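Undergrad: Can you read through this structure? Questions will come right after.
The values are calculated or read from the model by the stated rules, or taken from the named source; none is laboratory data. These figures come from a predicted structure and were not determined experimentally. Cβ atoms come from the backbone with ideal geometry, glycine included; neighbour counts cover every protein chain shown.
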């Protein structure tokens, strides 16, 4: 699928996100991108590998203490270069300012298009998360409760698999927040170091940037982190988790762990798949 990284704290995050993207490059090689925010929007994204997209120091070292990054495995839109460039993530809006990067597949986008008057700029299903979320936050003073309510409402409307990162402007205290689909089909983990917090697809990212693993984010959850390091978390919809088997045998790297399980050990013990779930 795709690789996502979001980092927030009291220090510049662009270089950390850049190095993190190499650790999730295997999850998507169609395009790569990074958006960092300091009151201004600094975004670089394009078709190609991380090393090809971020081929200048000015694209790597940019100001801002909050940002999100993405490596894309294209499952929506065409695969010609023009389409890959257009569908690269993160995607963002300016009214209100909201950025998003996601890992997964939303399969009821035609239904979701009908609940918003906003027009998608790309063919990627990230638009089906970004545009309705922007509607739900529009002209509201952002707070954890407002974000929790918006995410819960959107979860009841979206069908598919997703772990989605959002960056939202709330004046002097921007928020990094994420939501996971109720079945937790796609992984999302939290790490920390020296007042910085990272949400990403795989634990191997933490080894790359020397962060400490904190936890896996449960299905149907919303986690919100502000620039002061305050964390707000709520499981707004609770259902039995159904992780995708291919995370263990194809998407994730062997040195990662998902819900405490070694991907390496699962890979060696679950093939051929019997249809009875993952045992490792």
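Undergrad: In segment 1-100, which strands (runs of 3 or more DSSP E) lie fully inside it and hold 1 or more residues that are modelled with pLDDT of 95 or more, farther than 23 Å from residue 226 by Cβ and touching a helix residue (DSSP H, G or I) at 6+ places or on another chain (Cβ under 6 Å)? Quick ask: steps written out before the conclusion?
TA: Numbers: elements: 3-8, 31-37, 41-47, 66-72, 91-94.
So the answer is 3-8, 31-37, 41-47, 66-72.
Undergrad: Can you go through 239, 253, 215, 192 and tell me which one is free of Cβ contacts under 8 Å to residues at least 60 places away in the same chain and in a loop (DSSP other than H, G, I, E, B)? Break it down into steps so the answer makes sense when it comes.
TA: Working: 253 fails: free of Cβ contacts under 8 Å to residues at least 60 places away in the same chain; 215 fails: in a loop (DSSP other than H, G, I, E, B); 192 fails: in a loop (DSSP other than H, G, I, E, B).
The match here is 239.
Yes or no, residue by residue, for (1) more than 18 Å from the chain's Cα centre (by Cα); (2) under 24 Å from residue 171 (Cβ atoms); (3) surrounded by 15 or more Cβ atoms within 10 Å (Cβ to Cβ):
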residue: 46; (1), (2), (3): no, no, yes
residue: 50; (1), (2), (3): no, no, yes
residue: 57; (1), (2), (3): yes, no, no
residue: 66; (1), (2), (3): no, yes, yes
residue: 69; (1), (2), (3): no, yes, yes
residue: 72; (1), (2), (3): no, no, yes
residue: 89; (1), (2), (3): no, no, yes
residue: 101; (1), (2), (3): no, yes, yes
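Undergrad: Yes or no: segment 196-208 includes at least one residue that is over 18 Å from residue 3 (Cα atoms) and out of contact with any helix residue (DSSP H, G or I) (no Cβ under 8 Å at 6 or more places or on another chain). Steps first, answer last, please.
TA: We begin by selecting, within segment 196-208, every residue over 18 Å from residue 3 (Cα atoms); these are 196.
Now restrict to residues that are out of contact with any helix residue (DSSP H, G or I) (no Cβ under 8 Å at 6 or more places or on another chain): none.
So far as segment 196-208 goes, no, none of its residues is over 18 Å from residue 3 (Cα atoms) and out of contact with any helix residue (DSSP H, G or I) (no Cβ under 8 Å at 6 or more places or on another chain).
Undergrad: Can you name every residue in segment 220-230 that is over 19 Å from residue 65 (Cβ atoms) and over 14 Å from the mean Cα position of the chain (by Cα)?
TA: Our first condition is that a residue be over 19 Å from residue 65 (Cβ atoms); within segment 220-230, this holds for 220-222.
If the condition is that a residue be over 19 Å from residue 65 (Cβ atoms) and over 14 Å from the mean Cα position of the chain (by Cα), then 220 is the only one that fits.
Undergrad: Determine the pairs where a residue that is under 30 Å from residue 141 (Cβ atoms), located within segment 80-95, has a partner that is at pLDDT 95 or above and assigned to a helix (DSSP H, G or I) with Cβ atoms under 6 Å apart, the partner being 6 or more residues away or on another chain.
TA: Between residues of segment 80-95 that are under 30 Å from residue 141 (Cβ atoms) and residues that are at pLDDT 95 or above and assigned to a helix (DSSP H, G or I), the close pairs are 91/130; 93/134.
Undergrad: Go through the residues of segment 121-136 one by one and say whether even a single one is over 20 Å from residue 8 (Cα atoms), without any contact (Cβ under 8 Å) to a residue 12 or more places away in the chain and out of contact with any helix residue (DSSP H, G or I) (no Cβ under 8 Å at 6 or more places or on another chain).
TA: Our first condition is that a residue be over 20 Å from residue 8 (Cα atoms); within segment 121-136, this holds for 121-129, 131-136.
Cutting the leftovers down to without any contact (Cβ under 8 Å) to a residue 12 or more places away in the chain gives us none.
No: zero hits.
Undergrad: Moving to a separate point now. Are any residues in segment 195-212 on the phi > 0 side of the Ramachandran plot and touching a residue at least 60 places away in the same chain (Cβ under 8 Å), and if so, which ones? Show your work before the answer.
TA: Here is the first cut: in segment 195-212, the ones on the phi > 0 side of the Ramachandran plot are 195, 210.
If the condition is that a residue be on the phi > 0 side of the Ramachandran plot and touching a residue at least 60 places away in the same chain (Cβ under 8 Å), then 195 is the only one that fits.
Undergrad: For the subset of segment 138-161 comprising residues that are buried (at least 23 other Cβ atoms within 10 Å of the Cβ) and in contact (Cβ under 8 Å) with a residue 40 or more places away in the chain, which member is nearest to residue 217 (Cα to Cα)? Steps first, answer last, please.
TA: Step one: list which residues in segment 138-161 are buried (at least 23 other Cβ atoms within 10 Å of the Cβ), which gives 147, 150-151, 158.
Then keep just the ones that are in contact (Cβ under 8 Å) with a residue 40 or more places away in the chain; that gives 147, 151, 158.
Working: 147: 17, 151: 15, 158: 19 Å.
If we take residues in segment 138-161 being buried (at least 23 other Cβ atoms within 10 Å of the Cβ) and in contact (Cβ under 8 Å) with a residue 40 or more places away in the chain, then 151 is nearest to residue 217 (Cα to Cα).
Undergrad: Kindly establish whether residue 84 is within 23 Å of residue 151 (Cβ to Cβ), surrounded by 18 or more Cβ atoms within 10 Å (Cβ to Cβ) and in contact with a strand residue (DSSP E or B) (Cβ under 6 Å, 6 or more places away or on another chain). Show your work before the answer.
TA: Working: within 23 Å of residue 151 (Cβ to Cβ): no; surrounded by 18 or more Cβ atoms within 10 Å (Cβ to Cβ): yes; in contact with a strand residue (DSSP E or B) (Cβ under 6 Å, 6 or more places away or on another chain): yes.
Considered against the rule, which asks whether it is within 23 Å of residue 151 (Cβ to Cβ), surrounded by 18 or more Cβ atoms within 10 Å (Cβ to Cβ) and in contact with a strand residue (DSSP E or B) (Cβ under 6 Å, 6 or more places away or on another chain), residue 84 comes out as no.
Undergrad: Give just the number: which of (1) modelled with pLDDT of 95 or more; (2) under 23 Å from residue 64 (Cβ atoms); (3) surrounded by fewer than 21 Cβ atoms within 10 Å (Cβ to Cβ) does residue 178 not satisfy?
TA: For residue 178, the exception is condition (3).
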